Amino acid sequence: MTRRLASLVACLLAILMVGLAGLSCSGPVAQKSYRIGVLAWRANVPAVDGFKKGLGALGISEGSNLEIVYRDAAGDPDKLQQFAAELVSERPDLIFGTMAQGGRAAVKAARDSGTPVVYYTGVDPVTDGLAESLTRPAATATGVWTVVPVAKQLEFLSKAAPGAKKVLLFHDEGAFRSVSSTAAREAAQILGMSLVETVVKDKDGVMARLATLVPGEVDALYNFPSGFEATNASAEGQAALRLRLPMSTGLLSDAGLPGVLLSYSYDPSDVGEQCARLAAKILRGVSAGEIPIEAPSRYRLVINMATARAIGLAVPPDLLSLADRVIDE
């Protein structure tokens, strides 16, 4: 992991501990009625359900004292901007933006109105222009930065398959130059792995490269956690099965796909609950810009033993003991 990324993660974790301590002392939100807008880039039911669950634990629930105005752009950037403006016009107490795109659109639309925003994003909020700093975001927005644990993802892949030395992963141009990509290269070097990085323009490029893979060309596949790779895990899993290769993915939702051996990442439901705690602070009167941006409160390891059997891999017992969930069907 790069020094910059390591220091950012340490900073975010420290901020999280302070934030949780402050919340535990504050108790539930005072009873009144609230209206909250939810702006989704794509439908993310676990995150939104987690957000509702987290609010409910703090005394704010639909059917009682909460109205949620929900907009799902379904991946359409024009609709996203339209829905962001619509939500601001509804004059909600707060807007919850899902993923980088939803958070970015909500912050932009709400900037002049003063409507507070809580978001979660996989992009550095400072470099993305959402915050002036992690400790004091400024403006009217704060949230959770879902920092990608690429070093641990590769470490778990190495533990599961010690013989995997050549690891194939795909990038688009943006992901290839990202901080996470640099961290992955450094982690691979420490683990004695060689990353076979393939830069492609679109999913067709991924499919074309997978079709040409032959036995012995690579030892493992790594579905690199980026927006570009989010839709490629199924195709890569099929290739991994065909070649009997171990594969790791950065999305927990992909852990059950055929061909995926393991996944280590945040749970969107957990992050939704975490965002709800930040929202509760705002509803109590704390300025969003004064609430530090947090990292996910936990990451989860899922191991798919059905895939392990299909590719003839014996997963070490010590790694299985670390798993939060084992899929065995």
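No value in this document is a laboratory result; all are computed from the given coordinates. Just so it is clear, the structure is predicted and the values come from calculations on it, not from any experiment. We place every Cβ from the backbone using ideal geometry, glycine too, and count neighbours over all the protein chains shown.
Sorted by packing (mean other beta-carbon atoms within 10 Å per residue), highest first, where do 141-148, 285-292 land?
Per-residue Cβ counts within 10 Å, averaged per peptide and sorted highest first, yield 141-148, 285-292.
Share of Cα-Cα pairs in the stretch 247-329 beyond 18 Å, in percent?
On the way: 1756 of 3403 pairs.
Here the tail beyond 18 Å accounts for 52 percent of pairs.
Could you put ASP172, ASP202 in order, starting from the residue whose Cβ has the fewest other Cβ atoms within 10 Å?
ASP202, ASP172
Could I have the simple spin-label model distance between ARG91 and VAL326, label points 7 Å from Cα toward Cβ, reported in nm to one decimal?
Placing both labels 7 Å along Cα→Cβ, they lie 5.7 nm apart.
Hey, with R₀ at 35 Å, roughly what FRET efficiency would SER133 and SER33 work out to, going by the Cβ-Cβ distance, to 0.05? Mind showing how you got there, number by number?
Values: r = 34 Å, r/R0 = 0.96.
It comes out at approximately 0.55.
Tell me, in nm to one decimal, what length is gained between ARG298 and LYS165 on full extension, where the rule is 0.36 nm per residue of separation less the Cα-Cα distance?
Gain in length upon complete extension: 45.0 nm.
Specify the angular offset, from 0 to 90 degrees and rounded to the nearest 10, of the alpha carbon long axis of helix 150-160 from the longest principal axis of the alpha carbons in the chain.
40
List the lysines whose Cα sits under 16 Å from the Cα of LYS53, skipping any in the same chain fewer than 8 residues away.
LYS281
Which log10 I(q)/I(0) values, to two decimals, does the chain give at q = 0.08, 0.09 Å⁻¹ under the Debye formula with one point per Cα?
With no solvent term, the Cα-only Debye profile gives -0.39, -0.49.
On a straight-distance basis, which lysines could pair with LYS165 in a cross-link, Cα separation under 19 angstrom, same-chain partners fewer than 8 positions away excluded?
Once the sequence-local lysines are set aside, what remains near LYS165 is LYS152.
Take LYS53, LYS281, LYS108 and order them by how many other Cβ atoms sit within 10 Å, fewest up front.
Neighbour counts put them in this order, fewest first: LYS53, LYS108, LYS281.
Separation between the GLU67 and MET207 pseudo-spin-labels, each 7 Å from Cα along Cα→Cβ, expressed in nm?
4.5
My understanding is that a pair violates if its Cα-Cα distance is over 24 Å; which of LYS32/LYS108; LYS166/LYS203; LYS32/LYS79; LYS159/LYS201 do that in this structure?
Beyond 24 Å: LYS32/LYS108; LYS32/LYS79; LYS159/LYS201.
For helix 99-110, what angle does its Cα long axis make with the longest principal axis of the chain, in degrees from 0 to 90 and rounded to 10?
The helix 99-110 is inclined about 20 degrees to the chain.
Could you tell me the calculated FRET efficiency between LYS152 and ALA314, based on Cβ-Cβ distance and R0 = 22 angstrom, to the nearest 0.05?
Computed FRET efficiency for LYS152 and ALA314: 0.55.
Please compute the modelled spin-label separation between LYS79 and ARG111, points set 7 Å along Cα→Cβ, answer in nm with one decimal.
Result for the modelled spin labels: 2.5 nm.
Which residue fluctuates the most in the chain, going by a Gaussian network model with Cα springs under 10 Å, if the choices are GLN153, GLN274, GLN189?
Among GLN153, GLN274, GLN189, the largest mean-square fluctuation in the Gaussian network model of the chain belongs to GLN189.
Nearest 10 degrees, 0 to 90: what angle lies between the long axis of helix 3-26 and the longest principal axis of the chain (Cα atoms)?
It is inclined by approximately 40 degrees.
Beyond 18 Å, how much of the Cα-Cα pair distribution for the stretch 25-117 remains, as a whole percent?
Within the stretch 25-117, distances greater than 18 Å cover 43 percent of Cα pairs.
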